[in-house]
Amino acid sequence: MTTPQPKPFAFYGRVSTEDNQDPESSRSWQLTRATTLIQPHGGRIVTEYFDVGQSRSLPWQRRAQANQLLAALRNPQRGFSAVVVGEPHRAFYGNQFGLTVPLFAHYGVELWVPEIGGPIDPDNEAHELVMSVFGGMSKGERNRISSASAPPWPPRPSSRAATSADARPTATHSRPRTPPQPRQGRRRQTPQGPHS
């Protein structure tokens, strides 16, 4: 009885410094998720592509490791028949999945994702929908990170540099202002009694 050969996989992951993550712990987490997915199916990771310091908003062609992975897809002697990602929202941003998965399909390389529970079926609309949701989540997460690190308001001018426009008080109500009224003198009333 012969033992079946394990299915060779390439692993793709990504971590950015913009969200202050430790690259080694992030890689380990993503690799663990990927391995947990493929091992029950006889999968074994034979090569890794892991981008460090590359923003998720960059297309795959502009990320160093992702671009090498895309180049490897074209090589029939690449040494793997499938690619697994640990976290889809780190790998795909916005519509990147829709732009990338046709290349995998064209070269006959399966793309495995933990949230799908196995390989992506390029003709399955539910798989496409799930992946587009992760692309949107990735975009939203990046926007939150960017807005959290940006100052909330532009810096105020110093008191010396304040102009007369900056020094004007702001209106607190919208009633038109009326000119001041002249003060009228008070009349003194004398008490009236029975003897006046």
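The values are calculated or read from the model by the stated rules, or taken from the named source; none is laboratory data. Not measured: the values here are computed from a predicted model. Quick reminder, even Gly has a Cβ in these numbers, built from the backbone with ideal geometry, and neighbours come from all protein chains shown.
Quick notes on this one:
- Exactly one residue out of Pro122, Pro88 is surrounded by fewer than 19 Cβ atoms within 10 Å (Cβ to Cβ) and either among the basic types (Lys, Arg) or in contact with a helix residue (DSSP H, G or I) (Cβ under 6 Å, 6 or more places away or on another chain) (or both), and it is Pro122.
- Scanning segment 1-47 for residues that are of a type in the set (Val, Ile, Thr), at pLDDT 95 or above and not in a helix (DSSP H, G or I) gives Ile45, Val46, Thr47.
- The number of residues in segment 86-127 being over 20 Å from Trp60 (Cα atoms) and among the hydroxyl-bearing types (Ser, Thr, Tyr) comes to 0.
- Filtering segment 103-130 to residues that are at pLDDT 90 or above and outside any loop (DSSP other than H, G, I, E, B) leaves Leu103, Phe104, Ala105, His106, Glu110, Leu111, Trp112, Val113, Gly118, Pro119.
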